[in-house]
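The values are calculated or read from the model by the stated rules, or taken from the named source; none is laboratory data. Predicted model, so just to flag it, every value in this text is computed and none were measured. Positions of Cβ are backbone-derived with ideal geometry, glycine not excepted, and every protein chain shown enters the neighbour counts.
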Amino acid sequence: MSIPSNITEVKRQVKSSIEASKEKEAKTADIVEKQEEGELRETPFDKGKLGAMLQEVIADFKLKRKYQECTLLKQPFEVEGNKINFFLNGELQEHLFSKLKPELMGIVKRKLENDLVEIHYEVRAEAMKEEDKLYTSTDKLAYLTKKSPALKELQKRFGLETDF
């Protein structure tokens, strides 16, 4: 949303936000109406289908410059029936996910055509093993050399040292 430069633009933005909220209310009312009539959509889905749909949502969020939300959606998840469980890394992600959850619920229900989807999250501290922590430059070089053997050749060729 841009900062308005005059009163007419302010009025236009207010009017468009009111219209958007009315559309949102109409969609919510339509879903409630379908639930009351028993017209619930329950299209089955699996982890692969959900993953593909999340990639589309991530691409859309990137265009909207919602980078924190993209990071949340890239977290590992598992699917059990109609229940989706995201595994978050800490309290900050938990706070951000609780803000994102209502919007995400709407998107997932619409794109997966399943009104019974439930989204939950669990905070898991992905603790690194003590031996995996890299403190010194030599440790870091050894780790990178294991990942890419070409680095060892470059180190020999150019006479590079970690300690100076």
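List of remarks:
- Some residue of the stretch 53-64 being within 21 Å of K27 (Cβ to Cβ) and aromatic (F, W, Y): yes
- Condition met for N89 (farther than 30 Å from K24 by Cα and not aromatic (F, W, Y)): yes
- Which numbered condition V79 fails, given (1) surrounded by 11 or more Cβ atoms within 10 Å (Cβ to Cβ); (2) more than 15 Å from G51 (Cα to Cα); (3) hydrophobic (A, V, I, L, M, F, W, C); (4) modelled with pLDDT of 90 or more: (2)
- When we screen L104, L63, L92, L100 for residues that are more than 24 Å from D46 (Cα to Cα) and modelled with pLDDT of 90 or more, the only hit is L63.
- A residue that is among the hydrophobic types (A, V, I, L, M, F, W, C), free of Cβ contacts under 8 Å to residues at least 60 places away in the same chain and more than 21 Å from K24 (Cβ to Cβ) occurs nowhere in the stretch 101-116.
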